[in-house]
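Taking it in order: structure first as structure tokens, then the write-up.
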Amino acid sequence: MKLHTGLAALAAGTFLVTKAALAVELAIVSGAVGDDIKMLRSNLDRYEKESGNTVKIVEMPQSTTDQFGQYRLWLSAGNADIDVYRTDVIWAPQLANHLLDLSEAAKEVAGSHFPSIIESQTVNGKLVAIPMFTDAPALYYRKDLLEKYGAEPPKTWEDLTTTAQMVQDKEREAGNSDFHGFVFQGAAYEGLTCNALEWVKSFGGGQIVEADGEISINNPDAIKAIETAKSWIGTISPEGVLGYKEEDARGIWQTGSAAFMRNWPYAYSLSNNDDSAVKGKFGVVPLPSGGDGSAATLGGWNLAVSKYSRHPDEAIELAMFLASEESQRRRATELSRLPTIEALYDDPEVAEAQPIIPNWKEIFLNAVPRPSAPTKKDYNEVSKEFWTAVHDSMSGNGSTEANFKKLEGRLKRLKGSGWE
Ligand code: GLC
């Protein structure tokens, strides 16, 4: 019967059916926030129709740190059950040996992506992942409340501290007892590294480890930055912020219980959904400065193909499909995910649906990279030491001064005679 259908299709010149006869089953693994999985499924449905292949999603927790731990184990064990991985921008040097080179498959389209993003995913000349979307955070603020109390969106962390306290006091006086000034990502994981790098960099305290590999974190400006953030705990930010990841911060914000939030652009479209208490009541501005300019950490996600996949050709085709202009356009218009394809920033449909996108082009182009390139295979350890020292300091577990001194010692030991 199958043969019969196949032959008939061949005679009729129908490629889809011919392809379906060779169809394979693929698996993609992805972490998510907001509606990422819903969008992935909808793009996969399009891919399935076009290719005849089927794709299963293996869904992971929101924390990039948890994802990385699991993926590193799977890849080291040569796991053949996963074909495509959604990978964080910081992972390329650490996972490169387990991933296929996509240079050949991407040669026609690589030039349409921002060169710096392609470069971030290139390790020793090998393109280890194809960019899916990029990321740079915003300060979300309640337009209605700032207007009501006669305040402007803050330009410095000092302004933010004062304004957040003022709005919090007024709202609580008005009976809104669960209202908070500022929410961000303070849990002990990679998200805190992003937040704390922004504080440190904006105070002129460097980038933890500099591009040339020098360990710079133990300096007075960096310590001052963390001390400032520490002063928010239990004042403008709930104590619980030290356990918050992206979705926890968004949860508080989107029920209308915070004046300010630091989050990535994905929260923009969700905050404007019909079920959001802040729909139409908020704006976004760049993060405040600590005296040395605003700093946004560069984030973003990519698609990588496992070297252990049983269907490498189809898996590469799938990664390219999910990174394509059409998939990125859908992600941009519906989820306010920042495209990595430059042309989409001039697309009127994208700009109309999500005005944050054209406005955020300059922000992400000037965003600060985490030191994943200079610290190579040690990045995850470096970041873990950093977020631990910051988390300890903000929870009152040792002074920032003492913790940063210890941190410097640990990073020196990790580095040894040079980062490898
Ligand atoms: C966002 C960024 C990613 C970063 C993560 C930290 O998902 O895109 O690069 O590592 O947040 O929580």
For segment 51-60, check the following and say yes or no: at least one residue is within 16 Å of the ligand (Cβ to nearest atom) and surrounded by fewer than 20 Cβ atoms within 10 Å (Cβ to Cβ).
yes
Matching residues in segment 384-398 - criterion: being on the phi < 0 side of the Ramachandran plot and touching a helix residue (DSSP H, G or I) at 6+ places or on another chain (Cβ under 7 Å):
385, 386, 387, 389, 390, 391, 392, 393, 394, 395
Of the residues 218, 176, only one is more than 26 Å from residue 272 (Cβ to Cβ), assigned by TED's automatic domain parsing to the domain that holds residue 290, over 24 Å from the mean Cα position of the chain (by Cα) and in contact (Cβ under 8 Å) with a residue 40 or more places away in the chain; which?
218
Within segment 185-192, is even one residue out of contact with any helix residue (DSSP H, G or I) (no Cβ under 7 Å at 6 or more places or on another chain), buried (at least 20 other Cβ atoms within 10 Å of the Cβ) and at pLDDT 95 or above?
no
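Listed here are the residues, each with its yes/no results for (1) away from the ligand (no atom under 13 Å from the Cβ); (2) part of a helix (DSSP H, G or I).
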site: 162; (1), (2): yes, yes
site: 165; (1), (2): yes, yes
site: 187; (1), (2): no, no
site: 207; (1), (2): yes, no
Hits in segment 311-346 (condition: touching a helix residue (DSSP H, G or I) at 6+ places or on another chain (Cβ under 7 Å), outside any helix (DSSP H, G or I) and more than 19 Å from residue 118 (Cα to Cα)):
336
For residue 88, are the conditions met, namely being within 16 Å of the ligand (Cβ to nearest atom), surrounded by 13 or more Cβ atoms within 10 Å (Cβ to Cβ) and modelled with pLDDT of 95 or more?
yes
Positions within segment 393-420 being open to solvent by 40 Å² or more (accessible area, probe 1.4 Å), without any contact (Cβ under 8 Å) to a residue 12 or more places away in the chain and in a helix (DSSP H, G or I), in sequence order
402, 413
The residue that is nearest to the ligand (Cβ to nearest atom), considering only those in segment 295-310 that are of a type in the set (A, V, I, L, M, F, W, C) and part of a loop (DSSP other than H, G, I, E, B), is 298
Name the single residue that is surrounded by the fewest Cβ atoms within 10 Å (Cβ to Cβ) among those in segment 243-282 being of a type in the set (A, V, I, L, M, F, W, C) and within 15 Å of the ligand (Cβ to nearest atom).
270
If I filter segment 350-382 down to residues being in contact (Cβ under 8 Å) with a residue 40 or more places away in the chain and β-branched (Val, Ile, Thr), which single residue comes out as farthest from residue 114 (Cα to Cα)?
382
Within segment 62-139, considering only helices (runs of 4 or more DSSP H) that don't extend past its boundaries, which have at least 2 residues that are free of Cβ contacts under 8 Å to residues at least 24 places away in the same chain and assigned by TED's automatic domain parsing to the domain that holds residue 31?
64-76, 115-120
Has segment 277-289 got at least one residue that is in the same structural domain as residue 404 (by TED's automatic domain parsing) and polar (S, T, N, Q)?
yes
Considering only segment 351-368, I want to know if a residue exists there that is at pLDDT 95 or above, open to solvent by less than 30 Å² (accessible area, probe 1.4 Å) and more than 16 Å from the ligand (Cβ to nearest atom).
yes
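The values are calculated or read from the model by the stated rules, or taken from the named source; none is laboratory data. Keep in mind that this is a model prediction, so the values were computed, not measured. Cβ atoms come from the backbone with ideal geometry, glycine included; neighbour counts cover every protein chain shown. Calculation scope for accessible area: heavy atoms of the full protein, side chains included, ligands and nucleic acids excluded. Shrake-Rupley method; radii C 1.70, N 1.55, O 1.52, S 1.80 Å.
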